[in-house]
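Structure, as structure tokens:
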Amino acid sequence: MHRKEDARFLRGHGTYVDDVTLPGMLHGAVLRSPYAHAKIVSIDTSAAEAHPKVRAVITGETLAGLNLAWMPTLSGDVQAVLATDKVRFQGQEVAFVVAEDRYSARDALELIDVDYEALEPVVDARKALDEDAPVIRDDLEGRTDNHIFDWETGDAARTDEVFANAEVVTTQDMLYPRVHPAPLETCGSVADMDPITGKLTIWTTTQAPHAHRTLYALVAGLPEHKIRVISPDIGGGFGNKVGIYPGYVCSVVGSIVTGKPVKWIEDRSENLMSTSFARDYHMHGEIASTKDGKILAIRVKVLADHGAFNGTAQPTKYPAGFFGVFTGSYDIEAAHASVTGVYTNKAPGGVAYACSFRITEAVYLVERLVDVLAYDLDMDPAQLRMKNLLKPDQFPYQSKTGWEYDSGDYPRTLRMALDLAHYDELRMEQAKRRDAGELMGIGVAFFTEAVGAGPRKHMDILGLGMADGAELRVHPTGKAVLRLSVQSQGQGHETTFAQIVAEELGISPDDIDVVHGDTDQTPFGLGTYGSRSTPVSGAATAVVARKVRERAKIVASAMLEVSPDDLEWEKGRWFVKGDPAAGKSIQDIAMAAHSSLELPEGVEGQLDATCVYNPPNLTYPFGAYVCVVDVDAETGQVKVRDFVAVDDCGVRINPMIVEGQVHGGLADGVGMALMQVMAFDEDGNHLGGSFMDYLLPTSMECPSWRLGETVTPSPHHPIGAKGVGESATVGSPAAVVNAVLDALKPYGVRHADMPLTPAAVWSAAQGRPFRTDLAIT
Ligand code: MCN
Ligand code: CUN
């Protein structure tokens, strides 16, 4: 089925936040810090206030008067909305101007005079814990260093024991550099505080409207019914739109102060500089095995750079995704991981970008480690994986760190990917090409994800658990409306969720309207991220449709004057067992349910139901990827020649949409592996403020993807579906990097960090790999 939403998107009729225009609306702009670390001596706003078109200038002092100078982050830290004492990263919000138009607001920013006293910044996470490192968060009481947290998982003693006795121990340091989701639409909001009713309406770019409303309610002390969060069409989120940014809060305060609606729309540089980044994981990985390649244990130490505020948006304080799957898809005896988080003078964040709470880092780590082990053992990396993959009869599989992989048939999926890629022939071709002095590489990666946050034992945001609601109402004529707590940013929910109802009730998907992204119109729930919409709200949708079907059965039994037990369902109708002609369609039943028909005692009229789904487990999609590259030995230029991706996300609701999700994620993976990085110079200057510097892949760098699929239903999901929205972003970087390093094998290169730009590849071949996260000097 084609996407229902495309009728408006392809004609340019989507409604994005910047399309919202209200009578009397004013425009806001944010003044940002030019320094990574500096003391604020004074802020003089008088000249800006005197600008004829300026209506208000808001500083941290204004906010302090409203008790809003600091806001809580989703991970229990506090973040300055507008800096008062110090600025802690370049691009940090310092003041907010509200003016009659966007140009005047921007002009007036230049009139604000801030006196800064530069301080030494902490740019390199590896130096953040040095004795003499400047303390970034001196706003936190008693804080004398830049340490945020230590988390660990697994059995350290048992793991150490296995390592001590192992025949082979392979070690590799690797960096997953800082990257940014860079959605096509930047962030923004239009806030409208009605001075008469006291109701605040915020049109905003959020993946989680209800979570945002709850945060506003908690911080501002307003009741939920006085806050309406509307997330209209969204031009891509990729995790960038999970958290709350100071600009959103400023537009709200701007509206309160001026009594008018205030719009704030970020520009591209602001988005790249100051909103939630991803990764920045310095990983030390170790893998223990036998001489013939049976993997025994994995041990990892991570240093996580969280920037100036711990703004991690994830349903646990610890890096849940990393801890869930860093042992990969392999049958091992023991595992241990520890993660230390530190503050640096960089933009806050720490998770988002199709990551499932750091599963991306975990998969990259384990899939690189396995390849390095193959290199050390001189084994074929595909064979090494095949030898160690979990077997189908091991599911449900209890991982060594306490997670239950729900279902899988890994060897079948890897075999399919190798066959589709013609793996054996590729290896023969490679041997010939190597003899001819050419560089060709074949990279294999296998991944398991844990998505669908989540079960109470693992997950919780704001103390709210992670259950999501769905409401379904069938109108008298048999058309229906489905209301959801999740919010699409391009994933096609208006189509796929209608398809779920259609399948369960036999109503055409075109007759089912999916409503989302408006807290006044939808049930409570935690929103779209971590590929949780299908695992959680997809389940809620199936359950609510089944409830409606049962209600319809009672109504049909009254219409047909038979006992409900004598009725049988076929798609779209209930009929009398053994008498298929005596039946009532769901449309007839809907009309009757709304009419004066005598319903049995205790049965309410109309046809609707609600469901709050609290998932018993996460879902564990998986896949096998094969990437083929040609590398130019003279220039270091990498060409991705072929890419085969076999994904298993259980039952597919809409195969075309799933393939679209996979295509997008594969492009993401090529981008991260070969070109994307947020680098900084030693003063903490951000070097990726535009798409001239922060490179995104285009169709020029992407091959024509070749996809395959296997279907292993999730046993606990009502329709057997698993999430897929992040799978390819998670699985593909390792495949590309493994391919490039495979190409460089003749040079004896064991590892080089992403992004593998021509310079990085060429230098690695010369035996001089360099760091990609700091300016190249
Ligand atoms: N689907 C399906 N069958 C399955 C699984 C999924 O048909 N077995 C469909 C779903 O119904 C949905 C889509 O595929 O229409 C993605 O579903 P799901 O895996 O549940 O992921 P979410 O809908 O929760 O989307 C979130 C996920 C995340 S976390 C990021 S980041 C990401 C991604 O989706 N951001 C995206 N894909 C994106 N795609 C677009 N276009 N834009 C983004 O910002
Ligand atoms: Cu991690 S990015 Mo998606 O979960 O919104």
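The values are calculated or read from the model by the stated rules, or taken from the named source; none is laboratory data. Everything numeric in this text was worked out from a predicted model, so none of it was measured. Here the Cβ positions follow ideal geometry from the backbone for every residue, glycine too, while neighbour counts run over all protein chains shown. Calculation scope for accessible area: heavy atoms of the full protein, side chains included, ligands and nucleic acids excluded. Shrake-Rupley method; radii C 1.70, N 1.55, O 1.52, S 1.80 Å.
Listed values, structure above:
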item: Subset of region 653-670 (residues that are in contact (Cβ under 8 Å) with a residue 60 or more places away in the chain and within 20 Å of the chain's Cα centre (by Cα)); result: I657, V658, G660, Q661, V662, H663, G664, G665, L666, D668, G669, V670
item: Unmet criterion (only one of (1) in contact (Cβ under 8 Å) with a residue 40 or more places away in the chain; (2) farther than 18 Å from D642 by Cβ; (3) among the polar types (S, T, N, Q)) for S732; result: (2)
item: Candidates A69, A7, filtered to the one that is in contact (Cβ under 8 Å) with a residue 12 or more places away in the chain and more than 18 Å from I202 (Cβ to Cβ); result: A69
item: Enumeration of residues in region 303-317 that are buried (at least 24 other Cβ atoms within 10 Å of the Cβ) and among the aliphatic types (A, V, I, L, M); result: A304, A308, A313
item: Meets criteria (in contact with a strand residue (DSSP E or B) (Cβ under 7 Å, 6 or more places away or on another chain) and farther than 17 Å from A480 by Cβ) for V576; result: yes
item: Test for P718: is it within 14 Å of ligand 1 (Cβ to nearest atom), surrounded by fewer than 17 Cβ atoms within 10 Å (Cβ to Cβ) and either in the same structural domain as F446 (by TED's automatic domain parsing) or in contact (Cβ under 8 Å) with a residue 12 or more places away in the chain (or both); result: no
item: Residue within region 318-332 that is open to solvent by 10 Å² or more (accessible area, probe 1.4 Å) and farther than 25 Å from T413 by Cα present; result: yes
item: Residues of region 122-134 satisfying the condition of being open to solvent by less than 40 Å² (accessible area, probe 1.4 Å) and not in a helix (DSSP H, G or I); result: V122, V123, D124, A128, A133, P134
item: Lone unmet requirement of (1) farther than 27 Å from G720 by Cβ; (2) surrounded by fewer than 18 Cβ atoms within 10 Å (Cβ to Cβ); (3) touching a residue at least 12 places away in the same chain (Cβ under 8 Å) for S563; result: (3)
item: Set A734, A728, A739, A765: member being within 16 Å of ligand 1 (Cβ to nearest atom), aliphatic (A, V, I, L, M), more than 24 Å from K346 (Cβ to Cβ) and open to solvent by less than 30 Å² (accessible area, probe 1.4 Å); result: A728
item: Hits in region 678-700 - residues which are within 19 Å of P181 (Cβ to Cβ), open to solvent by 20 Å² or more (accessible area, probe 1.4 Å) and of a type outside the set (S, T, Y); result: H686, L687, F691, M692, D693, L695, L696, P697
item: Hits in region 141-162 - residues which are touching a residue at least 12 places away in the same chain (Cβ under 8 Å) and under 30 Å from E120 (Cβ atoms); result: D145, N146, H147, I148, F149, D150, W151
item: E568 outside the structural domain of G723 (by TED's automatic domain parsing), out of contact with any Gly (no Cβ under 8 Å at 6 or more places or on another chain) and among the acidic types (D, E); result: yes
item: Out of A374, A335, A382, sole residue that is touching a Ser or Thr at 6+ places or on another chain (Cβ under 6 Å), away from ligand 2 (no atom under 16 Å from the Cβ) and not in a loop (DSSP other than H, G, I, E, B); result: A335
item: Among (1) more than 21 Å from D19 (Cβ to Cβ); (2) open to solvent by 40 Å² or more (accessible area, probe 1.4 Å) - the single one P246 does not satisfy; result: (2)
item: Tally of residues being of a type outside the set (G, A, S) and within 30 Å of S531 (Cβ to Cβ) across region 191-239; result: 25
item: Residue ID - farthest from K400 (Cα to Cα), chosen from residues in region 309-332 that are outside any strand (DSSP E or B) and among the hydroxyl-bearing types (S, T, Y); result: T312
item: Strands (runs of 3 or more DSSP E) (entirely within region 2-86) containing at least 3 residues that are under 30 Å from M466 (Cα atoms); result: 70-72, 78-80
item: Within region 550-629, strands (runs of 3 or more DSSP E) holding 2 or more residues that are in contact with a Phe, Trp or Tyr (Cβ under 9 Å, 6 or more places away or on another chain); result: 567-570, 579-585
item: Hits in region 196-224 (condition: among the aromatic types (F, W, Y) and either touching a residue at least 60 places away in the same chain (Cβ under 8 Å) or open to solvent by less than 10 Å² (accessible area, probe 1.4 Å) (or both)); result: W203
item: Condition met for R652 (assigned to a loop (DSSP other than H, G, I, E, B), under 18 Å from I442 (Cβ atoms), open to solvent by 30 Å² or more (accessible area, probe 1.4 Å) and not assigned by TED's automatic domain parsing to the domain that holds Q487); result: no
item: Within region 24-66, tally of residues that are over 13 Å from A105 (Cα atoms), touching a residue at least 60 places away in the same chain (Cβ under 8 Å) and open to solvent by 60 Å² or more (accessible area, probe 1.4 Å); result: 6
item: Number of the exception - A592 against (1) within 28 Å of V711 (Cβ to Cβ); (2) crowded, with 18+ Cβ neighbours inside 10 Å; (3) out of contact with any Pro (no Cβ under 8 Å at 6 or more places or on another chain); result: (1)
item: Test set (1) farther than 25 Å from T712 by Cα; (2) of a type in the set (F, W, Y); (3) within 26 Å of the chain's Cα centre (by Cα) - W574 fails condition number; result: (3)
